[in-house]
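Some notes on the structure that comes next.
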Amino acid sequence: MDYGMISQIEKARLYANEPERVTFQALNVTFKGDNDTYTVTLDSSGWHCTCPGFQTHYICPHIMTLERVLKPMLKIPPLPYAPGQNVVSDVDKAARYATEKDRILINGFTVSIRGNNGDHSVSYDSGAWNCDSNSFRMRGVSSHTIAMERLLKGMLPEAQKV
């Protein structure tokens with residue numbers, strides 16, 4: 001039995017139960033809305049969405065959904081409502097979307113995770129995981145990547161999971 005891997009799985013469970021340990025720095029999502037499919041991104045300049053609502057109001061139900069779903073892992077304030085935005089409809093839609101995670105497909109992200117022994121960087125890009133921990137370098141998997149898989153369950157491509 002590989003006791004090192006058992007330790008990694010236990011730490012992953014701990015980290016996944018404390019999502020506030022995670023901070024998103026970048027995110028790329030394909031979002032299946034009611035009317036079309038959009039690309040939502042988060043980077044150092046903030047949120048962006050390819051939907052018409054974002055182009056007009058700089059806020060949309062797709063971003064509002066991700067703000068709900070990823071809330072403890074986002075260390076930025078939610079985007080404010082905009083003049084002319086159909087706030088009630090968008091809030092209702094975001095609440096519904098947040099329960100329908102199959103609409104969200106995460107293509108890539110970069111996060112930092114506050115581990116028990118320091119901070120670690122984890123990235124995911126089109127099925128390829130990377131982590132700066134020694135465990136990941138040795139095994140190709142770590143408590144950090146396993147924790148992210150658990151936290152993002154249902155939003156990562158099935159065939160590409162850790």
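All of the numbers you see were taken from the coordinates with simple rules; none came from a lab. Note that the structure is predicted; figures quoted are calculated from it, not measured. When we count neighbours, we look across all protein chains shown, and the Cβ atoms used for this are built from the backbone with ideal geometry, even at glycine.
The figures follow:
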read-out	value
Centroid-to-centroid separation of region 103-138 and region 26-89 [C-alpha atoms, Å]	23
Percentage relative contact order, the chain, counting C-alpha pairs under 8 Å, at least six apart	25
Region 24-103, relative contact order [Cα under 8 Å, separation at least 6], %	24
Projected label distance in nm at Met138 and Asn107, using a 7 Å step from Cα toward the beta-carbon	3.6
Spacing of the two label points (7 Å from each Cα toward its C-beta) at Ser126 and Ala95, in nm	3.9
Using distinct alpha-carbon pairs, which all enter the 1/r mean, Kirkwood radius of region 24-103 in Å	12.6
Reachable aspartates and glutamates, given that their alpha-carbon falls under 20 Å from the alpha-carbon of Lys93 and they are not under 8 places away in the same chain	Asp34, Asp36, Glu67, Asp102
Signed unit charges on C-beta, dipole axis of the chain, positive-most listed residue His144, Gly46, Gly154	His144
Gaussian network model of the chain, springs between alpha carbon atoms under 10 Å - residue of His62, His48, His120 with greatest fluctuation	His120
Pairs beyond 18 Å (Cα-Cα), from Lys32/Lys75; Lys71/Lys153; Lys101/Lys153	Lys32/Lys75
Fluctuation leader among Arg114, Arg137, Arg150 - the chain, Gaussian network, Cα springs under 10 angstrom	Arg137
